[in-house]
1. In this structure, is A33 away from the ligand (no atom under 16 Å from the Cβ) and at pLDDT 80 or above?
2. List the pairs whose first member sits in region 425-439 and is farther than 15 Å from L456 by Cβ, whose second member is in a loop (DSSP other than H, G, I, E, B) and open to solvent by less than 30 Å² (accessible area, probe 1.4 Å), and whose Cβ atoms are under 6 Å apart, counting only residues at least 6 apart or on separate chains?
3. Among the residues of region 322-359, which ones are within 18 Å of G287 (Cβ to Cβ) and under 23 Å from the mean Cα position of the chain (by Cα)?
4. Determine whether region 72-79 contains at least one residue that is at pLDDT 90 or above, among the basic types (K, R) and more than 16 Å from the ligand (Cβ to nearest atom).
5. Looking at (1) within 33 Å of the chain's Cα centre (by Cα); (2) over 26 Å from G110 (Cα atoms), can you tell me which one N134 breaks?
6. Tell me, which residue of region 1-29 that is more than 7 Å from the ligand (Cβ to nearest atom) and of a type in the set (G, A, S) is nearest to R328 (Cα to Cα)?
7. With respect to I350, is the statement that it is of a type outside the set (D, E, K, R), open to solvent by less than 20 Å² (accessible area, probe 1.4 Å) and either at negative phi or out of contact with any His (no Cβ under 8 Å at 6 or more places or on another chain) (or both) true?
8. Name the single residue that is nearest to the ligand (Cβ to nearest atom) among those in region 128-154 being among the aliphatic types (A, V, I, L, M), part of a helix (DSSP H, G or I) and crowded, with 17+ Cβ neighbours inside 10 Å.
Amino acid sequence: MNRTPLSRRRNLGIIAHIDAGKTTLTERLLWKAGAIHRMGEVHDGAATTDYSEIERARGITIGAAAVNLDWAGHRLTLIDTPGHIDFAIEVERSLRVLDGAVAVFCAVAGVQPQSEAVWRQASRNGVPLVAFVNKMDRTGADFDRVVAQIRERLGARAWPLGRPLGAEGQLYGWVDFVGRRVVSWTDEGTVVRGWNADDERAHAALRDALVASVAEHDDALAEAFLRDAEVDAAQLSAALRRATLAGAGVPLVAGSAFKTKGMELVLDAIVDYLPSPQDRPAVQADGDAGSVTLPPDTDGPLAALVFKVEQQEHGPLAFVRVYSGRLRVGDTVWASHRERSVRIGRLLSIQADRGSDLPQAEAGDIVAVAGWKDAAGGETLSAPARPLRLEAITVQPPVLSWRLTAKAGDLLRLGQALAVLAQEDPSFHAGSDADTGESLIWGMGELHLEVKVERLRNDWGLDVSAGAPRVAYQERPRRAVHGVEGKLDKQNGGAGHFARVHLNLVPREDDAIVFADCTRGGVVPAAFVAAVEKGVRAALAEGPQGFPVVGVEVTLVDGQTHAVDSTDQAFQRAAAQAVRAALGEAGTGLLEPVMAVDVDTPTGYLGDVLGDLQRRGGRVGGIGERDGNSEVQARAPLARLSGYTTALRSLTQGRASATMRFDGYETAVA
Ligand code: GDP
């Protein structure tokens, strides 16, 4: 395979509010770049057949975690980013592996709360962006308003690279300020011409404004401007690239994905202004000899991150970004989480509606590993001789659980399906109730679990129903207790069991569970210390109120063994007994998960929305007002939010929408 040099690679995501047109844009970009084959054209040749054949390919390509296309001598890899904030972990995970992103806005709806949330997540991660104002063909489309909103609401420096010509039904082209060109979308295709004197008169002032704004962030452009008062396309484009990569602003183009207008503007903007892997900061990884900095160097040590596992008919596909070194078919590599080695059987690059085999992948590449049965998201792959661990993606503990019931004959398949779902998504867990044997699932919120149940029904044809939700409370010890004894002494003939331990139990500020041994001189042999830790952790899994205990440090301070009768089991049990006694003495406080709730409602319903939130124990942090809509930011206990989105819909005739995300644990109010 002819490799595209690293400088011509773009690993990017498309981020958008639901419905802004991410799926449509992805399809049209693939089609424009020729990555989706135009099977229909031979027969009918009509423009509409483009769409039907895009539809045919969409099931395979659009859902893929990473798909490649080529444009202007560059290789673009589109990485799928989830649109909904309930899947924050997935957004975070995909932002880690992409180098830049296209933010899509609807020309009618403008900047919506969810696009705002994802935008901020991207800026926090230092991901350079270009923006596409989509749906310029729709009634009410307003390019200038969206530009103003990006400036005001997102606080971003928006750099329109031109202006749309016409709007709504009459959208027909784009004036390009950078290249002083006029692009017209006609039935015969795209026609481009240079500016004439009229164009110069009409648009020169806007071009100057763009140059002046970029020059504030780029010395080379500022100097050229002062010297010649004239800046050519190459100078402006190069300065825009430097300033965008530095995070100073966001270049912006517009069009209509649905009408396939402006797709070349988006592709050009990606190539011209989004970073290559070389333009991004080197990544950090932990190794045996401490932390190392890894630039995207093919000759460096192997470090690759599994960022998504997708189930295919023939088994899982693990999508991997290689940050440093090379990954070859036949290699045996070290997987950091499972702490074992894995043989790389097959490497695939996802082109369009199919994958093609690769002999190897190098720093900067995004590929899929096939045939790795127990692949899991978040793993670092490295050379067995030089194990490395890329900075872990923080996974929040699941906060809500549902009980699932299925037909008796389906139980085996349900178990298999749940295992697959849990493998794909580290914020989703599945298990069974030890007492009843029923299946339990845990996730980050109602919507998160709803989506999983839908998949059990649709993808596996399982007839499952979900029982009442159960909130994942936690317990925290109220105070410190010292020297609590746990003792097991069964020595009534035959093999005995003897162990005695003394423990301190001290609350911590954070949520960690820490165990320490400060006994001296082998009072408790190392093997039994390990047994004590096991017993301590087992006892902390269920506190006096029936929930896991967090935020605690347990220290083994003394112990006693018996030459013959001491066993692992005895120490485990003695330790568990001591922890239970200590927790009983200290007492525990109950913590509950709290959600951040953002509601977008027509202002006419604001009173009802606020009243309802208050009844649910919600606290309102702020209310914003825009275009007749109110945006409420609140926090509320998850336990009280059951069925919230449905209730909100009926409260507001379906006109309000809400997003929720886990926002930490707080002391539960009884
Ligand atoms: P996603 O949720 O962001 O993936 O959005 P989709 O791509 O599924 O689009 C949402 C809806 O908007 C669909 O009905 C699309 O047909 C429509 N849509 C997408 N792009 C455009 C556009 O440029 N113009 C118009 N008029 N409709 C669009």
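1. Details: away from the ligand (no atom under 16 Å from the Cβ): yes; at pLDDT 80 or above: yes.
Yes, satisfied.
2. Once the first residue is farther than 15 Å from L456 by Cβ and sits in region 425-439, its partners that are in a loop (DSSP other than H, G, I, E, B) and open to solvent by less than 30 Å² (accessible area, probe 1.4 Å) give P426/G377; P426/G378; S427/M444.
3. V322, Y323, S324, A335, S336, H337, R338
4. So in region 72-79, the residues at pLDDT 90 or above come out as 72-78.
Restricting the remaining residues to those that are among the basic types (K, R) gives 75.
Next, only the ones that are more than 16 Å from the ligand (Cβ to nearest atom) stay: 75.
Within region 72-79 (the criterion being at pLDDT 90 or above, among the basic types (K, R) and more than 16 Å from the ligand (Cβ to nearest atom)), the answer is yes, since at least one residue qualifies.
5. With respect to (1) within 33 Å of the chain's Cα centre (by Cα); (2) over 26 Å from G110 (Cα atoms), N134 is out only on (2).
6. S7
7. Values: of a type outside the set (D, E, K, R): yes; open to solvent by less than 20 Å² (accessible area, probe 1.4 Å): no; either at negative phi or out of contact with any His (no Cβ under 8 Å at 6 or more places or on another chain) (or both): yes.
Against the criterion (of a type outside the set (D, E, K, R), open to solvent by less than 20 Å² (accessible area, probe 1.4 Å) and either at negative phi or out of contact with any His (no Cβ under 8 Å at 6 or more places or on another chain) (or both)), I350 does not qualify.
8. If we take residues in region 128-154 being among the aliphatic types (A, V, I, L, M), part of a helix (DSSP H, G or I) and crowded, with 17+ Cβ neighbours inside 10 Å, then V146 is nearest to the ligand (Cβ to nearest atom).
The values are calculated or read from the model by the stated rules, or taken from the named source; none is laboratory data. Here the structure is a predicted model, which means the values were calculated and not measured. Heads up, the Cβs are rebuilt from the backbone with ideal geometry, glycines too, and the neighbour counts pull from every protein chain shown. Areas reflect the complete protein model, heavy atoms only, side chains present, ligands, DNA and RNA absent. Shrake-Rupley method; radii C 1.70, N 1.55, O 1.52, S 1.80 Å.
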